[in-house]
Amino acid sequence: MTLRTYRVSARGRQILVYDPCSGVTRLAPHPVPAGRRQLDEAEVRAWPAGHPAGLGLDIPVSLCWSPLVRCNLDCPHCLDDKSVPELDVARRAVIAQHIGASGVLGVDISGGEPLLLRDLPDLARQLSGDGCAVSITTNGWHLARRANELTGLADAIRVSLDAPDSSRHDALRGAGSFRRAIDGIHACRAAGLPVQIQTVLMASAARHAQATVDLAAGNGANGLTFLQMLPIGAGATMAACEMLDDHAAADLIGGLRAPPGLDIRLRTRDAAEGFTVVRADGRIWRNGPRALTIAPARPLAHPGDLALSSPDGSA
């Protein structure tokens, strides 16, 4: 039995169980006490997943918070808008308080590269203390040296890998980035931090999808998420030649050999529709139809600003 931290909430007759590793919200078939709970990973994985838009919530079940745009790498498929100004330490803390008080179940701290923030442990502590399940998405460059200080504060680390070997990964992200990411994964394992590997599913990467699965299993990851490429940010320039449609992506992932114990997930563009992002300037953004666009909603000045305007999960 492998126990991990999940966020449980009763919403009407539904018992929602948010997994900070995969970002999936499961529907428990029996009562589970609300709050941050240690649950058996294999049992939760067997429960049905709920699409966020079908949960009938008035707030996002989870969101991505990018408290900075700075990054030590320059990936050509990056989703972030690097022109957005960053808030200072004090105002970042206020944003964390608003998110934590909003009732969202899960928060993924991303970027930019969040491990560049000295106050990252404080932000994770605030969010987890408010009951959120907290994950951190990182390129892994600084992960080996910071894994220990995040233990007990972050519930999962999501490491971005674009290929199963250094030559192809480093061609996109920069020399040495593959080795640094792998070292970071090993450091997380040693520190007891669950790891989810994430890879952007581009047409040029499809041929080594199985090798990426084998890499994830061989390095002790809890799961692997293939993210459908979104034509947002810098990635818009690559979209025409690199985007797969959701059906082709599903066929590809469905044909992969899954080693025992490794959770393989495809996040389609349809599944990313309406997803909430809080950017470095403290403004709320939401993905448009099929996540082909992203648009600003409002500044996050109060926890209630995160409310959805319709029960289907749209802005």
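The values are calculated or read from the model by the stated rules, or taken from the named source; none is laboratory data. Everything numeric in this text was worked out from a predicted model, so none of it was measured. Glycine gets a Cβ as well: all are built from the backbone with ideal geometry, and neighbour counts include every protein chain shown.
In segment 41-54, the residues that are on the phi > 0 side of the Ramachandran plot never reach a residue that is outside any helix (DSSP H, G or I) with C-beta atoms less than 8 angstrom apart, at least six apart or across chains. Among the residues making up segment 16-38, those that are assigned to a strand (DSSP E or B) and surrounded by 13 or more Cβ atoms within 10 Å (Cβ to Cβ) are 16, 17, 18, 25, 26, 27, 36, 37.
Taking the conditions exactly as written (of a type in the set (Gly, Ala, Ser), surrounded by fewer than 19 Cβ atoms within 10 Å (Cβ to Cβ) and at negative phi), does residue 10 satisfy them or not?
Numbers: of a type in the set (Gly, Ala, Ser): yes; surrounded by fewer than 19 Cβ atoms within 10 Å (Cβ to Cβ): yes; at negative phi: yes.
Yes; evaluated as a whole, the condition is true for this residue.
Against the criterion of being at pLDDT below 95, under 17 Å from the mean Cα position of the chain (by Cα) and buried (at least 18 other Cβ atoms within 10 Å of the Cβ), residue 80 qualifies. Of the residues making up segment 285-305, just one is touching a helix residue (DSSP H, G or I) at 6+ places or on another chain (Cβ under 7 Å) and crowded, with 20+ Cβ neighbours inside 10 Å, namely 300.
Does residue 70 qualify as being exposed (fewer than 13 other Cβ atoms within 10 Å of the Cβ), closer than 30 Å to residue 169 by Cα, in contact with a helix residue (DSSP H, G or I) (Cβ under 9 Å, 6 or more places away or on another chain) and not acidic (Asp, Glu)?
Details: exposed (fewer than 13 other Cβ atoms within 10 Å of the Cβ): no; closer than 30 Å to residue 169 by Cα: yes; in contact with a helix residue (DSSP H, G or I) (Cβ under 9 Å, 6 or more places away or on another chain): yes; not acidic (Asp, Glu): yes.
Answer is no for this residue.
When you check residue 93 against the structure, is it over 26 Å from residue 217 (Cβ atoms), modelled with pLDDT of 95 or more and not acidic (Asp, Glu), yes or no? For residue 93, the condition - over 26 Å from residue 217 (Cβ atoms), modelled with pLDDT of 95 or more and not acidic (Asp, Glu) - is met.
Condition (residue is in a strand (DSSP E or B), crowded, with 24+ Cβ neighbours inside 10 Å and touching a residue at least 60 places away in the same chain (Cβ under 8 Å)) applied to segment 85-104: is it met by at least one residue? No, that holds for no residue. Taken over segment 1-15, the criterion of being polar (S, T, N, Q) and outside any strand (DSSP E or B) is satisfied by 2 alone.
Kindly indicate whether any position in segment 23-36 is under 24 Å from residue 302 (Cα atoms) and among the hydroxyl-bearing types (Ser, Thr, Tyr). The answer is no; no qualifying residue exists.
Within segment 84-103, being under 22 Å from residue 272 (Cβ atoms) and over 19 Å from the mean Cα position of the chain (by Cα) holds for one residue alone: 84.
Quick grid of which residues meet (1) out of contact with any Leu (no Cβ under 9 Å at 6 or more places or on another chain); (2) of a type outside the set (A, V, I, L, M, F, W, C); (3) at negative phi; (4) modelled with pLDDT of 95 or more:
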residue	(1), (2), (3), (4)
186	yes, yes, yes, yes
193	no, no, yes, yes
215	no, no, yes, yes
221	no, no, yes, yes
230	no, no, yes, no
238	yes, no, yes, no
241	yes, no, yes, no
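Scan segment 123-141 for residues that are more than 14 Å from residue 5 (Cβ to Cβ) and touching a residue at least 60 places away in the same chain (Cβ under 8 Å) and jot them down. Within segment 123-141, 137, 139, 141 meet the criteria.
Only one of these is surrounded by 18 or more Cβ atoms within 10 Å (Cβ to Cβ), in contact (Cβ under 8 Å) with a residue 24 or more places away in the chain and assigned to a loop (DSSP other than H, G, I, E, B): 57, 63. Name it. Talk me through it step by step, then tell me what you get.
Details: 63 fails: assigned to a loop (DSSP other than H, G, I, E, B).
After ruling out the rest, the residue left standing is 57.
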